[in-house]
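This report concerns only the one structure given below.
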Amino acid sequence: MNLFDLDTTTASPDDLRTLAGAHLLEAGVTFAVRALDILKVEQTFRLTAIVAGASFSGPPSPEVIATLKSVDLEYEEASSTLLAAQADTGAALIRNSVLGMWRAFELFLGDSLTVLFFCFPRFLTAPPENITLPTLQFDDVFSAASLLEARRLIARRKVVSLVQSENVFDLIRNAEKRFGIKLSQLTDQDRHALLELAARRNLWIHNAGVVNDIYLRLLRRYGISTAFGEGAPAPLDHSYLQAARDLTRRAALAIATGLSDSVPQVYQYHASLNGA
């Protein structure tokens, strides 16, 4: 059964718990597939470049271009950027791989939160957070295939709003408070590392990879040390890509299993809200 076809107001507790847990784990599997695709492209490029005797600086060789065209890229922007690059092709690939890895993890978080809000909609408005219900136009309701589809739209819009307004550290911490759980498998060290990864991603998206005051103040706020000073480059190299891969895999596994295991607890907490 598809989760978003389930009327959670009439579903049995066992069905609701089973489906919610299964879809949370499915979100983790989807992340793993996305991450594997990104790494496959990066590793294929490096192997092809070595075999072809190509340099990681300068225009891509014909062999590398042929390989990139033959690989099924999930992120088309990365492919077009690489094929158009005239310098430092290897660095461009690594940069796009790191950014893609973060995006895959961000999508995983969004998928997981959408499942929880859909299954347990009282968390959208319940105290103590007094969560603001996302605006839903009448056109959205009438264009939805069903009321369940409208609920899914509300849940997704709430998640998009949270992801855009909260950094990843606060997003995870506030989700724990909101749903009354504790993701004990996700260590403080990994939470801080995720925050730094997101902050470094923002540097490359908005500031050409140069450390600025926003990056430094964010890290200081959470007690995270850094070797970079303002104006210095924050590198995205192969070792950082490997670290980002290991971090996001580890964190996604901890979150997916932690949320799935917590579904019975979340169900009980949700049932107690609003005097239910």
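The values are calculated or read from the model by the stated rules, or taken from the named source; none is laboratory data. All values derive from a computational prediction rather than experimental measurement. Cβ sites come from the backbone with ideal geometry, for glycine too, and all protein chains shown count toward neighbours.
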Discussion item. Against the condition out of contact with any strand residue (DSSP E or B) (no Cβ under 6 Å at 6 or more places or on another chain) and at pLDDT below 95, how does D213 come out, does it pass?
Written reply: no
Item to complete: Taking L153 as the residue in question, decide whether it is of a type in the set (A, V, I, L, M, F, W, C), closer than 27 Å to A22 by Cα and at pLDDT below 80.
Response: yes
Worksheet entry | Selection status of A232, modelled with pLDDT of 90 or more and closer than 21 Å to D111 by Cα | no
Discussion item. I'm trying to understand the selection: among the residues of the stretch 172-209, which are among the β-branched types (V, I, T) and surrounded by fewer than 15 Cβ atoms within 10 Å (Cβ to Cβ)?
Written reply: T187, I205
Practice prompt. Look through T257, T248 and report the one residue that is among the β-branched types (V, I, T), part of a helix (DSSP H, G or I) and under 25 Å from R95 (Cα atoms).
Written response: T248
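Quick one: is V163 closer than 22 Å to R245 by Cα and at pLDDT below 90? Walk me through it before giving the result.
Numbers: closer than 22 Å to R245 by Cα: yes; at pLDDT below 90: yes.
Spelling it out, V163 is indeed closer than 22 Å to R245 by Cα and at pLDDT below 90.
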Discussion item. Condition first: in a helix (DSSP H, G or I) and β-branched (V, I, T). Now tell me which residues in the stretch 157-213 satisfy that.
Written reply: V159, V160, V163, V168, I172, I205
Response to the item:
Of the residues in the stretch 214-242, those that are assigned to a helix (DSSP H, G or I) and either farther than 15 Å from I94 by Cβ or without any contact (Cβ under 8 Å) to a residue 24 or more places away in the chain (or both) come to I214, Y215, L216, R217, L218, L219, R220, R221, S239, Q242
